[in-house]
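Asks: Handing you this structure, nothing more for now.
The values are calculated or read from the model by the stated rules, or taken from the named source; none is laboratory data. Since this is a predicted model, take the numbers as computed values, not measurements. Here the Cβ positions follow ideal geometry from the backbone for every residue, glycine too, while neighbour counts run over all protein chains shown. Remember, those area values only see protein heavy atoms, side chains included, never the ligands or the DNA or RNA. Shrake-Rupley method; radii C 1.70, N 1.55, O 1.52, S 1.80 Å.
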Amino acid sequence: MSDTLVLTPQQIIRKKAAGEPIEPDDSQQKDRHTIVVLVENTIGAFIRVINMFSARGFNIDSVTVGTTEDASVSRMNIVTTGNGRIISQVLRQLSRLVDTIGVVDLTGTDYVERELCLLKVRYTDRSRSEILDTSGIFKGRIVDITSETMTIELRGPSKKVDAFVKLMAPHNIVEVARSGCVAMQRDHAA
Amino acid sequence: MQYDIHTKVRPVKAGDTLPEPALEVSAESKRMSGAEILLRSLEAEGVKVIFGHPGGAVIKVYDEMMRIRPGFEHVLVRHEQGGTHAAEGYAKATGKVGTVLVTSGPGATNTVTGIADAYMDSVPIVVFTGQVPTNLIGNDAFQECDAIGVTRSVTKHSFLVRDVRDLARTIREAYHIARTGRPGPVLVDLPKDVLMAEAPFHYPEQVNIRGYVVPDAGRSDKIARAARMIAASERPVFYVGGGVVNSDASEVLTEIARTAGIPVTTTLHGLGAYPEEDPLALRMLGMHGTWWANQAIQHCDLIIAAGARFDDRVTGKLDSWAPHAKVIHIEIDQSCISKNVFADCAILGDVKTVLQQLKPHIKPKDTSGWLAEIDTWRQECPLAYDHDDKLRAQYVIEALREKTGGRAVVLTDVGQHQMWTAQYFRFLFPRTHITSGGLGTMGFGMPAAMGAAFGLREQGSDMPVVCISGDGGFVMNAQELSVAAAHKLPLKIAVINNRFLGMVRQWQELFHMERYSHTDLSDTNPNFVKLAEAYNCVGLRASSPDEVRGVLDAAWEVTDRPVVMEFQVVKEEMVFPMVPAGAATGDMITQRLTPNSFV
C-alpha cells in the first residue's frame with residue numbers, strides 16, 4: 001500500500017504554495033476498484049465488512065461472497081469507487097478488521113474478472129432476430145424461451161455485461177439478475 | 001462438586017454432533033458449567049475487579065459467583081452505563097483491561113454508550129452480555145436484543161459464543177484483542193444455555209487469530225527517514241496523543257524531546273504524557289488549546305505526530321492547518337495514517353517501540369530561535385480569567401491543582417469544565433488525566449472516577465481521585481455515588497455548577513445570537529449537597545472564591561466516603577481561546593467579543 005496515492009487538501013495547499021503543478025482532478029477523480037477480501041467463513045465476518053462500508057460512508061457497487069479452497073475462509077469480491085485517498089482508507093479499514101485475513105486491490109494489476117448475468121426480455125416477431133443477434137455477438141446463451149419472453153445467460157467482465165444490458169434496454173426488459181463480479185489475479189509464473 | 005442438573009438447557013454429551021473442541025484438554029480438567037468457566041477464565045486472565053449488574057440471562061454466573069467465590073471483586077453498579085464507564089476509568093488509570101458483566105436486552109443496550117465511548121477513545125474493556133438461550137435467538141424472546149448487531153459499529157470486535165467448549169478460548173481472545181494494538185472494547189455475548197452447559201475447563205496460553213496482526217517495531221528505513229527529517233527541520237513540534245499514554249512511551253518521548261529541543265504539544269488524551277510544567281511543553285492544542293501551541297503548529301516545518309489521529313477538534317479546517325509542515329506519523333492503527341492529514345513519513349508500529357528505535361538517531365539540535373518565537377506567542381496570549389469576587393470554574397480548578405500539587409488522578413465529564421481542566425490543571429504524569437474525548441459522553445466522569453479509584457486501590461496507590469464534573473453531566477450518572485459510598489471510596493467530586501449546559505450555552509451566545517434554547521438547568525438541578533447526603537456521601541458547597549479552600553480542606557479530611565463539592569460559579573464565563581468549529585486554527589478567538597463583533 002502506497003502512502004502517496006492521492007494528495008490531501010492540505011498537501012495540495014502545500015504544493016500550491018511551493019508553486020508545484022497540481023493535476024486538476026487528482027483529488028476528485030473516482031476510479032472503480034476491485035478489491036478481494038479473504039475473511040473468516042462466518043456470517044459475522046461478512047457483516048462486519050459490509051457494515052464497515054456503510055458506517056464509514058464508502059460506496060459498494062457490487063459484492064460477491066463465496067467459499068474458497070479452504071472451507072474456513074470466504075472470499076469477498078468488492079467493487080467500489082472512490083479517489084485514491086478513499087480507496088487507501090477502504091483498504092486500511094478492511095485490513096484492520098479482526099476477521100479479515102487478506103486484502104488485495106486488484107485494480108492496476110493484471111487480473112481476470114467475470115460476472116454472470118441473466119436477462120429476461122419480452123420479444124416480438126420484429127425484435128426477436130435482433131435480440132438473438134446481439135446476444136450471439138456477446139456469446140450469450142438462451143437458457144429459457146416462451147412464446148413471449150426469452151432469458152439470456154451472459155458472462156464476462158462487468159463492462160461487457162454493462163454494454164449488453166445497455167443494448168437490450170430499447171427492448172422490453174422484464175428483469176435483470178447480475179451476480180456481481182468475481183476476480184482473480186493472473187499468474188505470471190513461468 | 002455439585003451441579004444443578006435441572007437447570008441445564010443443553011448439556012453437551014459424549015457423541016454429540018458438535019465439532020470437536022479445538023483446545024487441548026488436560027487429563028485433570030474437570031467439567032464445569034459455562035458460568036464457572038467464565039469466572040475461572042477471568043481469574044486466569046488476572047482480572048481483579050469487574051463491574052456488573054445481574055439479570056435473568058446471567059443469573060447462573062451470579063449463582064456460581066456466590067458458590068465458588070472467585071479471586072476478583074464484583075462491584076454491583078446501579079446502571080449498566082455506569083458500569084461501562086467505571087470499567088473505562090479503571091482501564092485508563094491502570095492500563096489493564098476493564099471488565100463489565102451485564103444481562104441480555106436492556107442490560108446490553110445500556111452498555112452501548114460506554115462501549116461507543118471506549119471505541120472512540122481506544123479504551124480496552126471487555127463487556128460480557130447475557131443472551132437468551134440459543135434456541136430462542138431471533139424469536140423476540142423476553143429481554144432479547146441482538147447485542148452483537150447493535151454494537152457492531154462501536155466495538156473493536158465481538159463474539160457470540162454458541163458452544164460452551166469455545167468459551168474459554170473466546171474469552172482469551174477477547175482480552176487479547178481488547179488489550180493489544182490500538183486498544184478498544186470487545187463484546188462477548190453469552191447465551192444462557194451456553195452458561196448452563198458443561199465442559200472441561202482449559203484456559204489457553206497462546207492466542208492465534210490469523211487475521212489479527214499487532215504492529216510492533218517500525219520499518220527501519222522509515223525510522224532513518226524520520227531521523228533525517230527531524231535533523232533537517234528548523235521548527236519541529238511533537239504532537240502527542242493518547243497513544244503515547246497507552247503504550248507507556250512518556251519516558252522515551254521526554255528523552256527525545258529534551259535531547260533535540262523539540263517542543264511538545266498534546267491532545268486532550270495526551271495530557272500528562274509530557275510534564276506540562278516543562279519549558280518545552282506547549283500544553284494542549286486544538287479548538288480550546290493554547291494560543292502558542294496552535295501558533296507553533298501553524299508555523300512549524302515538521303510535525304512529529306505520535307499516537308494521535310488528527311481529530312477535527314485538533315485540526316479545525318484541514319486545508320489551512322499546519323500549512324508549512326511536513327508530517328511524521330507514528331501510529332499503531334493503520335487506518336489513522338493519512339486519513340485526515342497526509343503523512344510524509346508514516347511509521348506503523350507501537351509508539352514506544354518506534355520512539356525507542358528512533359532515539360539513538362536523535363542528535364542534539366539548536367532550536368533556541370524557534371523556542372524563543374514560541375515564547376513570544378506564549379506571552380502574547382496567556383491563559384487568563386478575571387480574578388474578582390465572583391467564583392469561576394478556572395479558579396476552582398487551580399485551587400484543586402494547588403491542593404494536590406498535580407499528584408492526583410483527575411477525571412472530568414464533558415463540557416466547559418473539561419476544557420478548563422485541560423487548560424488549567426497542568427498535568428505532570430501519564431494516566432492522571434482521564435476524560436471522554438472522542439464521543440464526548442456527559443455522565444462519564446463520576447462512574448469513571450469510581451472505576452479509577454478501584455484501580456488505584458488495587459495498585460496500592462495513595463493518589464487521590466478527583467472528579468471534576470458539571471451540573472449537567474454529573475446528574476446523568478449520579479446513581480453510582482451510592483456504589484462509591486458503599487465501597488468507601490474517598491472520591492473528591494467537584495461539581496462545577498453554573499446552572500447551565502455551559503458549553504452549549506457558550507455556542508448559543510457566540511454563534512446563535514444568545515438564544516439560550518433549553519440550556520438553563522436552574523429549574524431542574526437537584527440540591528447537590530442533599531443529593532450527596534442521600535447517597536451516603538458528604539456534601540459541601542462554595543459560592544465565592546474565599547470559600548473554596550475551606551471546602552477543599554474539609555473534603556480532604558474525609559477518607560471513608562465520596563465528597564461532593566458543589567461550586568456555584570458564574571454562568572457567563574466562556575472557554576477561551578477558541579477555534580470556532582470549521583475555522584482555521586490560526587483564527588482563534590482569544591477573548592470574549594461582543595456578540596455582534598463575531599460573524
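Asks: Could you check region A:36-53 and list, in sequence order, the residues that are in a helix (DSSP H, G or I) and of a type outside the set (D, E, K, R)?
Replies: Scanning region A:36-53 gives A:43, A:44, A:45, A:46, A:47, A:49, A:50, A:51, A:52, A:53.
Asks: Specify the residue that is nearest to the chain's Cα centre (by Cα); the eligible residues are those in region B:339-385 that are at pLDDT 95 or above and among the hydroxyl-bearing types (Ser, Thr, Tyr).
Replies: B:353
Asks: Here is a follow-up. Being farther than 13 Å from residue A:89 by Cα, open to solvent by 10 Å² or more (accessible area, probe 1.4 Å) and at the interface with chain A (Cβ under 7 Å from one of its Cβ atoms) is the filter here; which residues of region B:321-346 pass it?
Replies: B:323
Asks: Additional query: What are the residues in region B:374-386 that are among the hydroxyl-bearing types (Ser, Thr, Tyr) and either open to solvent by less than 10 Å² (accessible area, probe 1.4 Å) or not in a helix (DSSP H, G or I) (or both), if any?
Replies: Matches in region B:374-386: B:385 only.
Asks: Oh, and also: Please state which one of B:234, B:251 is away from chain A (no Cβ under 14 Å), open to solvent by 10 Å² or more (accessible area, probe 1.4 Å), in a helix (DSSP H, G or I) and among the acidic types (Asp, Glu).
Replies: Answer to the check: B:251.
Asks: Please indicate, with yes or no, whether at least one residue in region B:390-409 is closer than 30 Å to residue B:154 by Cα and of a type in the set (A, V, I, L, M, F, W, C).
Replies: The answer is yes; a qualifying residue exists.
Asks: Please list, ordered by first then second residue, the pairs with beta carbon atoms under 9 Å, 6 or more apart or interchain, first in region B:144-162 and at the interface with chain A (Cβ under 10 Å from one of its Cβ atoms) and open to solvent by less than 30 Å² (accessible area, probe 1.4 Å), second in a helix (DSSP H, G or I) and basic (Lys, Arg).
Replies: B:157/A:48; B:158/A:48; B:158/B:152
Asks: Which one of A:26, A:31 is within 17 Å of residue A:87 (Cβ to Cβ), modelled with pLDDT under 65, open to solvent by less than 90 Å² (accessible area, probe 1.4 Å) and away from every other protein chain (no Cβ under 11 Å)?
Replies: Only one candidate qualifies: A:26.
Asks: Still on this structure, I have one more. Before we move on, is residue B:82 open to solvent by less than 10 Å² (accessible area, probe 1.4 Å), closer than 24 Å to residue B:459 by Cα and within 19 Å of the chain's Cα centre (by Cα)?
Replies: Against the criterion (open to solvent by less than 10 Å² (accessible area, probe 1.4 Å), closer than 24 Å to residue B:459 by Cα and within 19 Å of the chain's Cα centre (by Cα)), residue B:82 qualifies.
Asks: Also, I was wondering about something else. Just give me the residues in region B:384-407 being in contact with a helix residue (DSSP H, G or I) (Cβ under 7 Å, 6 or more places away or on another chain) and among the polar types (S, T, N, Q), in sequence order.
Replies: The one that is in contact with a helix residue (DSSP H, G or I) (Cβ under 7 Å, 6 or more places away or on another chain) and among the polar types (S, T, N, Q): B:394.
Asks: Collect the residues in region B:163-185 that are within 11 Å of chain A (Cβ to nearest Cβ) and either in contact with a helix residue (DSSP H, G or I) (Cβ under 8 Å, 6 or more places away or on another chain) or of a type in the set (D, E, K, R) (or both), keeping them in residue-number order.
Replies: Passing the criteria: B:173, B:182, B:184.
Listed here are the residues, each with its yes/no results for (1) within 14 Å of another protein chain (Cβ to nearest Cβ); (2) open to solvent by less than 60 Å² (accessible area, probe 1.4 Å); (3) assigned to a loop (DSSP other than H, G, I, E, B).
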| position | (1), (2), (3) |
| --- | --- |
| B:187 | yes, yes, no |
| B:195 | no, yes, no |
| B:216 | no, no, yes |
| B:223 | no, yes, no |
| B:243 | no, yes, no |
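Asks: OK, next. Of the residues A:116, A:38, which single one is more than 10 Å from every other protein chain (Cβ to nearest Cβ), of a type in the set (A, V, I, L, M) and touching a residue at least 60 places away in the same chain (Cβ under 8 Å)?
Replies: A:116 is the lone residue from the list that is more than 10 Å from every other protein chain (Cβ to nearest Cβ), of a type in the set (A, V, I, L, M) and touching a residue at least 60 places away in the same chain (Cβ under 8 Å).
Asks: Among the residues of region B:392-406, what is the count of those that are open to solvent by 10 Å² or more (accessible area, probe 1.4 Å) and on the phi < 0 side of the Ramachandran plot?
Replies: 7
Asks: Would you check if residue A:127 is in contact with a Gly (Cβ under 9 Å, 6 or more places away or on another chain) and either farther than 30 Å from residue B:174 by Cα or within 14 Å of chain B (Cβ to nearest Cβ) (or both)?
Replies: Against the criterion (in contact with a Gly (Cβ under 9 Å, 6 or more places away or on another chain) and either farther than 30 Å from residue B:174 by Cα or within 14 Å of chain B (Cβ to nearest Cβ) (or both)), residue A:127 does not qualify.
Asks: Okay, next question. Taking region B:94-125 as the region of interest, how many residues are within 14 Å of chain A (Cβ to nearest Cβ) and among the aliphatic types (A, V, I, L, M)?
Replies: Total meeting the criteria: 2.
Asks: Six or more apart or on different chains, Cβ atoms under 6 Å: show the pairs whose first residue is in region B:549-571 and in a helix (DSSP H, G or I) and whose second is open to solvent by 70 Å² or more (accessible area, probe 1.4 Å).
Replies: B:552/B:403
Asks: Turning to a different aspect of this structure: Away from chain A (no Cβ under 14 Å), without any contact (Cβ under 8 Å) to a residue 24 or more places away in the chain and over 15 Å from residue B:227 (Cβ atoms): which single residue out of B:293, B:372, B:308 fits that description?
Replies: B:372
Asks: Please go through region B:352-373 and give me each residue that is touching an Asp or Glu at 6+ places or on another chain (Cβ under 7 Å) and open to solvent by less than 50 Å² (accessible area, probe 1.4 Å), ordered by number.
Replies: Listed by number, the residues that qualify are B:353, B:370.
Asks: Next question, about the same structure. Exactly one of (1) within 14 Å of another protein chain (Cβ to nearest Cβ); (2) open to solvent by 70 Å² or more (accessible area, probe 1.4 Å); (3) touching a residue at least 40 places away in the same chain (Cβ under 8 Å) is unmet by residue A:96. Its number?
Replies: Failing condition for residue A:96: (3).
Asks: Among (1) modelled with pLDDT under 95; (2) within 26 Å of the chain's Cα centre (by Cα), which single condition is residue B:238 missing?
Replies: (1)
Asks: Determine if region B:449-466 includes at least one residue that is among the charged types (D, E, K, R) and either assigned by TED's automatic domain parsing to the domain that holds residue B:277 or free of Cβ contacts under 8 Å to residues at least 24 places away in the same chain (or both).
Replies: Yes, because at least one residue in region B:449-466 is among the charged types (D, E, K, R) and either assigned by TED's automatic domain parsing to the domain that holds residue B:277 or free of Cβ contacts under 8 Å to residues at least 24 places away in the same chain (or both).
Asks: Taking the options B:414, B:409, name whichever one is open to solvent by 20 Å² or more (accessible area, probe 1.4 Å) and in contact (Cβ under 8 Å) with a residue 40 or more places away in the chain.
Replies: Of B:414, B:409, the one residue that is open to solvent by 20 Å² or more (accessible area, probe 1.4 Å) and in contact (Cβ under 8 Å) with a residue 40 or more places away in the chain is B:414.
Asks: Quick one: in region A:44-93, of everything that is more than 10 Å from chain B (Cβ to nearest Cβ), among the aliphatic types (A, V, I, L, M) and under 18 Å from residue B:337 (Cα atoms), which residue is surrounded by the most Cβ atoms within 10 Å (Cβ to Cβ)?
Replies: A:87
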